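What follows is a single structure, written as structure tokens, with notes after it.
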Amino acid sequence: MDSISLLLAAVAGHGEHARILLALAFVLVGAKLFGALVERLGQPAVLGELLFGVLLGNLALFGGPSLAALEASETFAILAELGAILLLFEVGLESTPKDMMAVGMPATVVAFAGVVAPMALGFGVGQLMLPGDSWMAHAFIGAMLAATSVGITARVLQEAKAIRTPSARIILGAAVIDDVLGLVVLAIIAGVIRAAAAGTTLAASDILVIVLKALAFLVGAILVGSYLSPRLFRRALALRSQGVVLALALGLCFGFAWLAMQAGLAAIVGAFAAGLVMEDVHFEDHLKRGEKPLYESLHALTGLLVPVFFVRMGLLVHVENFVKPGVIGFAALLTVAAMVGKWTCGLVVPRGVSRLTVGLGMMPRGEVGLIFAGIGAALVLEGHPVVSPETYAAAVFMVVVTTMATPPLLLWSLRRDGRAIAGGGPGASAY
């Protein structure tokens with residue numbers, strides 16, 4: 001047995017504390033190397049981290065040690081969940097409530113289309129391929145298809161120097177609104193499933209309460225946070241202590257995540273809302289005295305925990321599930337539904353904006369789709385996970401394909417439109 005197999009056997013066999021320490025050492029280095037490899041191939045690093053997790057989860061197929069103990073580890077799962085919370089917090093930091101409203105009605109219409117169409121198609125695929133499952137499981141499959149990865153699209157637009165074009169403004173505004181809508185939909189469906197698992201049935205009025213509670217939390221968190229955030233940071237900066245801004249920001253992130261859970265929502269909803277209310281203007285004095293911007297200060301934490309999340313998501317994928325009857329067909333249909341669902345966004349854009357570019361820009365599912373799938377795998381209905389191992393494998397296949405296909409296709413579309421130039425060009429005025 002070579003040195004790598006010995007190391008993996010040690011990860012699988014030691015006690016919990018030793019196993020987690022050794023796993024972190026191996027996972028972080030391996031995720032970074034795989035991420036760097038796929039980046040050299042022109043793809044996002046997240047794909048490398050995910051594929052590394054898939055490799056680890058399937059070593060037994062190649063005669064390697066089983067990592068079932070690590071996969072089942074509650075400590076490793078908590079570290080991964082913290083990674084998901086910090087990831088959505090970071091995504092929220094990239095936008096502000098003003099950004100969400102700046103592009104107005106066009107982005108809102110695109111966002112609604114980007115949620116409704118994929119959900120309907122995903123629900124249909126669920127009914128077709130999993131006829132024995134509950135309608136709630138089919139609805140959750142639709143919800144997984146509603147997500148959009150803001151980070152992947154934003155990076156492509158920046159590299160193409162097309163960030164100021166009308167298409168880019170609508171894509172980014174719609175993607176942010178899309179994420180909020182998707183998180184609300186996730187909270188609603190998860191609430192319905194939890195109630196069913198408890199042996200109760202939610203009436204229409206109960207579902208309305210879930211909707212209102214989700215919206216009230218998001219709106220309330222943004223309004224209250226927007227009011228409190230600058231005041232809290234102003235007082236914190238008066239302490240003249242190194243690291244106080246980072247500590248307060250993380251405190252708000254985890255506090256909002258806890259409040260979201262108390263409201264019956266996913267923790268990532270609160271983390272996303274916390275990121276939205278923290279604007280750069282709150283940290284001007286922090287920067288003037290020579291400290292790093294908040295997003296740079298977060299890099300050490302996200303660099304530690306976010307790869308753990310992606311590797312664990314990949315670890316849950318068992319390749320043998322793909323050879324089961326119908327799984328490959330299910331994965332292919334789910335991927336087609338995911339792509340077509342987002343392409344319909346282009347049908348509702350205003351004149352003068354590239355329909356193809358907007359549709360392709362909304363296509364990647366990335367980390368948000370994985371988060372949705374992971375939550376579904378943890379929900380139990382009638383004694384079985386809402387997202388079964390086979391469905392999870394199909395969902396990851398869909399995430400990988402949509403994420404890998406977007407960068408080259410979006411770049412091609414931008415060049416075709418003649419808009420990939422710095423500072424604008426024809427039709428580059430903002431809405």
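The values are calculated or read from the model by the stated rules, or taken from the named source; none is laboratory data. Note that the coordinates shown come from a computational prediction; the quantities given were computed from them, not determined experimentally. Every residue, glycine among them, receives a Cβ derived from its backbone with ideal geometry; neighbour counts consider all protein chains shown. For accessibility, only protein heavy atoms count, side chains too; no ligands or nucleic acids. Shrake-Rupley method; radii C 1.70, N 1.55, O 1.52, S 1.80 Å.
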Given the options Leu304, Val244, Gly314, identify the residue whose Cα lies farthest towards the positive end of the charge dipole of the chain (+1 on Cβ of Lys, Arg; -1 on Cβ of Asp, Glu). Val244
If you count, for each residue, the other Cβ atoms within 10 Å and average over each peptide, how do 393-400, 245-252, 220-227 line up from highest to lowest? 393-400, 245-252, 220-227
Could you tell me which of rounded, prolate or oblate describes region 160-253, using a ≥ b ≥ c as the square roots of the eigenvalues of the alpha-carbon gyration tensor, with rounded for a/c under 1.5 and, failing that, prolate when a/b is larger than b/c and oblate otherwise? oblate
For region 64-186, whose charge dipole is built from +1 on Lys and Arg Cβ atoms and -1 on Asp and Glu Cβ atoms, the candidate among Pro97, Phe123, Ser134 with its Cα farthest towards the positive end is Pro97
The chain accessible area per residue, 1.4 Å probe, protein heavy atoms, integer Å², reads 43 Å²
Here the gain from full extension of Leu347 to Ala72, 0.36 nm per residue of separation minus their alpha-carbon distance, amounts to 94.6 nm
Looking at the chain, do any whole DSSP H helices span at least 18 angstrom along their long axis by alpha carbon and average -1.0 or above on Kyte-Doolittle, and which? 16-40, 45-57, 74-93, 104-129, 166-197, 204-237, 244-262, 299-315, 327-343, 366-378, 389-417
Surface share of carbon and sulfur [accessible, 1.4 angstrom probe, percent] for the chain: 67 percent
Given the -39500 (n - 2.57) contribution per DSSP H run of 4+ residues, what per-residue ellipticity at 222 nm results for the chain, rounded to the nearest 500 deg cm²/dmol? -24000 deg cm²/dmol
Accessible area, probe 1.4 Å, largest first, for residues Asp179, Asp417, Asp133: Asp133, Asp417, Asp179
Just tell me which lysines come within less than 24 Å, Cα to Cα, of Lys32; anything on the same chain fewer than 8 places away is out. Lys292
Put a dot 7 Å past each Cα toward the Cβ at Lys292 and Arg40; how far apart are the dots in nm? 2.6 nm
Under 5 Å, built H, 5+ apart or other chain: amide partners of Leu381: Val386
Proximal lysines relative to Lys213, as straight alpha-carbon distance under 28 Å, when same-chain residues fewer than 8 apart are discounted: Lys98, Lys342
